[in-house]
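A.B. asks: Sharing a structure below in structure tokens format, with a few things to ask.
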Amino acid sequence: MMKKIRKAVIPVAGMGTRFLPATKAIPKEMLTIVDRPTIQYIVEEVVASGIDEVILITSEGKSAIENHFDYDFRLDTLLKQKRKRALRDELNKISGLIDIVSVRQKEPLGLGHAIWMARNVIGNEPFLVLLGDDLVRSETPCCRQMIELYSSVKESIVAIQRVPRDQTFQYGIVEGSKTKHKRTYKVRRMVEKPAPGTSNSDMAIIGRYLLMPEVFDFLGKTTPGHGGEIQLTDALLALANKRGMYAYEFEGKRYDAGDKLGYLKAIVDIALEHPSLGKQFKDHLHSICNTKKCC
Ligand code: G1P
């Protein structure tokens, strides 16, 4: 019988060097996009996809993430005394979002190793992986789209997007052939960050995976690959060869929030749609365009 997808792994152990000095004392996942830390958008996608439990793979200095989703008795009491009802409700909504379990990755050995750390909490059931740098905005949450496809294909799925050929070296790249399912390809090959000009495909893996638990057998055996790290992509290729795997061109827009420009784009797009700020923000952008004659 097909097992329900109940758990999502979110690796948050990375150092965030691309955002230094901003990330010297705070985790990169806590950088704010308009009015919420980046990680909250990721957890909200998980919740909107019907998942029951999040497993954070953490490292030293990441406790702010756990605190963000925890209930803060002192703060709640203070807000109650001050009769700040709306703010209290908002904070309690965040702490009640979902059950969160943390596992420490003691050494930075790579994404594959980070996911392997979740093996005992996941056990023998399929699960999701979301990378915190990839923010996806879509009508149907990206993970929900993948869960829907899983009910038909019943195997692992990686979400992909087409990227310009000169950018393929920044991603895990998938080669595959079309299937009868919409926007779905059967994976034939996958390579982590191929050298420029060495790949025939423009299908890039984004940070959303739905994986069968057998992936842990391969992760346990994966030796260091690209960059000297244990790569998830290498274990996925072994899993694809053994049981099959699908690549799914998700519907929606992805932002690379781990990159300064991608992060700024996410802020602008989200701010423009913000219920109380959107209108004024749009007027402000117009006024910049008018004065600087930039558009
Ligand atoms: C990771 C994965 C890579 C994937 C990318 C998507 O790389 O290893 O396969 O394409 O995320 O964001 P990273 O960007 O963490 O180096």
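A.B. asks: Take Leu79 and decide whether it is modelled with pLDDT under 95, aliphatic (A, V, I, L, M) and more than 23 Å from Tyr171 (Cα to Cα).
C.D. replies: So Leu79 does not fit the description; no.
A.B. asks: Going through the range 207-228 one residue at a time, which ones are of a type in the set (D, E, K, R) and assigned to a helix (DSSP H, G or I)?
C.D. replies: Asp217, the sole residue that qualifies.
A.B. asks: Further question on the same structure: Filtering the range 243-295 down to residues that are basic (Lys, Arg), touching a strand residue (DSSP E or B) at 6+ places or on another chain (Cβ under 8 Å) and assigned to a helix (DSSP H, G or I), which residue is nearest to Phe218 (Cα to Cα)?
C.D. replies: By that ranking, first place goes to Arg243.
A.B. asks: Quick check on the range 35-60: of everything there that is in a helix (DSSP H, G or I), free of Cβ contacts under 8 Å to residues at least 60 places away in the same chain and among the hydrophobic types (A, V, I, L, M, F, W, C), which residue is farthest from Arg254 (Cα to Cα)?
C.D. replies: Ranking the candidates gives Val47 first.
A.B. asks: Starting from the range 144-167, take each residue that is more than 16 Å from Ser49 (Cβ to Cβ) and loosely packed, with under 14 Cβ neighbours inside 10 Å and list its partners that are modelled with pLDDT of 95 or more and among the charged types (D, E, K, R), counting only C-beta distances under 9 angstrom and pairs at least six apart or across chains.
C.D. replies: Arg162/Asp202; Arg162/Glu249; Pro164/Asp202; Arg165/Asp202; Gln167/Asp202
A.B. asks: Turning to a different aspect of this structure: Collect the residues in the range 86-108 that are out of contact with any Ser or Thr (no Cβ under 6 Å at 6 or more places or on another chain) and among the hydroxyl-bearing types (Ser, Thr, Tyr), keeping them in residue-number order.
C.D. replies: Ser95
A.B. asks: May I ask you to list pairs of residues, at least six apart or on different chains, whose Cβ atoms are under 7 Å apart, with the first in the range 235-264 being free of Cβ contacts under 8 Å to residues at least 24 places away in the same chain and the second being more than 14 Å from the ligand (Cβ to nearest atom) and part of a helix (DSSP H, G or I)?
C.D. replies: Ala238/Phe218
A.B. asks: Tally time: how many residues in the range 115-138 are among the aromatic types (Phe, Trp, Tyr) and either surrounded by fewer than 15 Cβ atoms within 10 Å (Cβ to Cβ) or within 16 Å of the ligand (Cβ to nearest atom) (or both)?
C.D. replies: Summing the residues that are among the aromatic types (Phe, Trp, Tyr) and either surrounded by fewer than 15 Cβ atoms within 10 Å (Cβ to Cβ) or within 16 Å of the ligand (Cβ to nearest atom) (or both) in the range 115-138 gives 1.
A.B. asks: Being at positive phi and modelled with pLDDT of 95 or more narrows it down to one of Arg162, Arg183, Arg189, Arg254, so name that one.
C.D. replies: Testing whether each residue is at positive phi and modelled with pLDDT of 95 or more leaves just Arg183.
A.B. asks: If you take the residues in the range 216-234 that are closer than 23 Å to Lys154 by Cβ and free of Cβ contacts under 8 Å to residues at least 60 places away in the same chain, which one is nearest to the ligand (Cβ to nearest atom)?
C.D. replies: So, considering only residues that are closer than 23 Å to Lys154 by Cβ and free of Cβ contacts under 8 Å to residues at least 60 places away in the same chain, the one nearest to the ligand (Cβ to nearest atom) is Phe218.
A.B. asks: Still on this structure, I have one more. Would you be able to say whether some residue in the range 182-193 is in a helix (DSSP H, G or I), more than 19 Å from Val129 (Cα to Cα) and of a type outside the set (A, V, I, L, M, F, W, C)?
C.D. replies: No, the range 182-193 has no match at all.
A.B. asks: Okay, next question. Looking at Pro213, Pro141, which is the one that is buried (at least 21 other Cβ atoms within 10 Å of the Cβ), more than 16 Å from the ligand (Cβ to nearest atom) and not hydroxyl-bearing (Ser, Thr, Tyr)?
C.D. replies: Just a single option satisfies the conditions, and that option is Pro141.
A.B. asks: Now for a different question. Out of curiosity, is Lys186 touching a residue at least 12 places away in the same chain (Cβ under 8 Å), among the charged types (D, E, K, R), closer than 27 Å to Pro224 by Cα and within 16 Å of the ligand (Cβ to nearest atom)?
C.D. replies: Spelling it out, it is not the case that Lys186 is touching a residue at least 12 places away in the same chain (Cβ under 8 Å), among the charged types (D, E, K, R), closer than 27 Å to Pro224 by Cα and within 16 Å of the ligand (Cβ to nearest atom).
A.B. asks: So which of Thr168, Thr179 is more than 16 Å from the ligand (Cβ to nearest atom), out of contact with any Phe, Trp or Tyr (no Cβ under 6 Å at 6 or more places or on another chain) and among the β-branched types (Val, Ile, Thr)?
C.D. replies: Thr179
A.B. asks: Being of a type outside the set (Phe, Trp, Tyr), closer than 20 Å to Cys142 by Cβ and within 13 Å of the ligand (Cβ to nearest atom): is that true of Ile206 here?
C.D. replies: Yes; evaluated as a whole, the condition is true for this residue.
A.B. asks: Is the range 132-146 home to any residue that is more than 17 Å from Val215 (Cβ to Cβ) and of a type in the set (A, V, I, L, M)?
C.D. replies: yes
The values are calculated or read from the model by the stated rules, or taken from the named source; none is laboratory data. Keep in mind the model is a prediction, meaning the values are calculated, not measured. Reconstructed Cβ throughout: ideal geometry from the backbone, glycine too, with neighbour counts over all protein chains shown.
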